[in-house]
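First the structure, in the form of structure tokens, and then the observations on it.
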């Protein structure tokens, strides 16, 4: 809904009217006696987004493994994943981080200065200031120019859904969201290239 509200504020093509969350399509816009169906989709590299979901499970798992290894107090841990961790499992990444924190003194460690567990480029480790501590991870991401084929494939995917949409919908709009703060899998578009799609 947030993206749709932002689009309505930034573009005059959206008529005033009641916006209703729906399925097939995602929203109905009741405006001027007609019903417009609006399907919303992200423009991103899907396999990188899936990898992001996998990596989000690592910190909690690493903390649990560390707790099982150690009688020492809670830790504040921050780690940055190295690029290309697709071949590493959540368990491998979590075990590597927990073992490293358990066996290394306080400090900040960069892959240039010290051998880090596979899948990491930077790790900080210090005693927790509050009970429980925190284990945080981030990843190296880059934003690449969205290829024309990515945009075309997203449109083609959504075109396949047209027969399934509500029969009372007079017209269907596709709102393609290009979130520049998405993280892993984000892409950017150039307006001068959009017209070629």
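Where a number appears in this text, it was derived from the coordinates with a stated rule and is not lab data. This is a predicted model, so every value here is computed, not measured. Please note: Cβ atoms are built from the backbone with ideal geometry, for glycine as well, and neighbour counts cover all protein chains shown.
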remark   = Across 17, 96, 37, the residue with the highest GNM fluctuation in the chain (Cα network, 10 Å cutoff) is 17
note = antiparallel share of DSSP beta bridges within the chain, to nearest 5, in %, is 60 percent
key: Ranking of 187, 101 by count of other Cβ atoms within 10 Å, fewest first   = 187, 101
ask   = When the scattering of the range 1-118 is computed by the Debye formula from its Cα atoms alone, each counted once and equally, what is log10 I(q)/I(0) at q = 0.10, 0.11, 0.17, 0.20 Å⁻¹?
value = -0.55, -0.60, -0.84, -1.06
Residue-averaged [θ]222 nm for the chain, counting only DSSP H segments that reach four residues, each worth -39500 (n - 2.57) = -9000 deg cm²/dmol
message = Using only alpha-carbon positions, what ratio does the radius of gyration of the range 57-139 give when scaled by 2.2 N^0.38 Å?
response = 0.99
ask   = Taking a quarter of the surface of the convex hull around the Cα atoms of the range 31-76, what do you get in nm²?
value = 6.7 nm²
key: Footprinting exposure proxy for 19, 136 (fewest neighbouring C-beta atoms within 10 Å first)   = 136, 19
request  = Send over the Kirkwood Rh of the chain, from the inverse of the averaged 1/r over different Cα pairs, rounded to one decimal Å.
outcome  = 20.0 Å
message = Test of understanding: ordering 44, 126 by Cβ neighbours within 10 Å, fewest first, what list do you get?
response = 126, 44
